[in-house]
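Data first, discussion second: the structure below is written as structure tokens.
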Amino acid sequence: MKGKFIVFEGCEGVGKSTQLRLLKEYLEKTGQKAVFTREPGGTPVGEKIRSLLLGEEMSAECEALLFAAARCEHIDKVILPALEKGELVVCDRYVDSSIAYQAFGRKLGRKRVEEINAYAFASCMPDAVVFIDMNPINSWRRQKGKIVENDRMEKESDGFHLAVYLGFKESASSTDRFISVIPDEDKLVTASLIVNALKAKGLIE
């Protein structure tokens, strides 16, 4: 594969979507082409699975399997084809979200979630994971008193979200794929930190 694969991760409401938008604006201004996509989703099948995952109650095992199913389709139909063309792919969430949310939040354990996501681990892992390192209890969204309606994950307990955060922190400490960024109150400062870190890794110009 000639392309580069960047993933953004973080808990709910920490500014991940804002930073993805700002990176997209930076790349467009500097003439750098990129494929922006998301999980769950990114394909027609994946978007249907996303609706189920965010709206329907289900067992932890079913949830993990559905995330993995959407990911397999996403890899085959979007991510790998773009990388094989030498393109830059930027994804909102990927397999490290499954580790954080299902292994830690749902308590399935890392080993089980890695087994379920074996296809992703074997075929397509990111060159860098930008982790917005902010405790979800102190997230920007909570500070503003907002909550996303019709989002099952968003409405989970504080204990669940703290477990997810612990999962991300453990992954960040165990692999050099992670770029941990503590977000500043000024979103443009955070964006600059991210751009500089990605430049240092040779992933963008």
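Bear in mind these aren't lab numbers, they're just calculated from the coordinates by the rules spelled out. This is a predicted model, so every value here is computed, not measured. When we count neighbours, we look across all protein chains shown, and the Cβ atoms used for this are built from the backbone with ideal geometry, even at glycine.
For the range 93-115: of the residues being surrounded by fewer than 20 Cβ atoms within 10 Å (Cβ to Cβ) and not basic (K, R), which is farthest from R38 (Cα to Cα)?
Here the residue is G109.
Across the range 107-125, what is the total count of residues that are in a helix (DSSP H, G or I), in contact (Cβ under 8 Å) with a residue 12 or more places away in the chain and of a type outside the set (K, R)?
So the count comes out to 7.
Surrounded by fewer than 16 Cβ atoms within 10 Å (Cβ to Cβ) and under 15 Å from the mean Cα position of the chain (by Cα): does that describe M125?
Taking the combined requirement at face value, the residue satisfies it.
Which condition does D176 not pass, out of (1) over 14 Å from Q19 (Cα atoms); (2) assigned to a helix (DSSP H, G or I), if it passes all the others?
It fails just one condition, (2).
Considering every residue within the range 39-51, establish whether at least one is in contact with a strand residue (DSSP E or B) (Cβ under 6 Å, 6 or more places away or on another chain), surrounded by 15 or more Cβ atoms within 10 Å (Cβ to Cβ) and within 30 Å of E185 (Cβ to Cβ).
no
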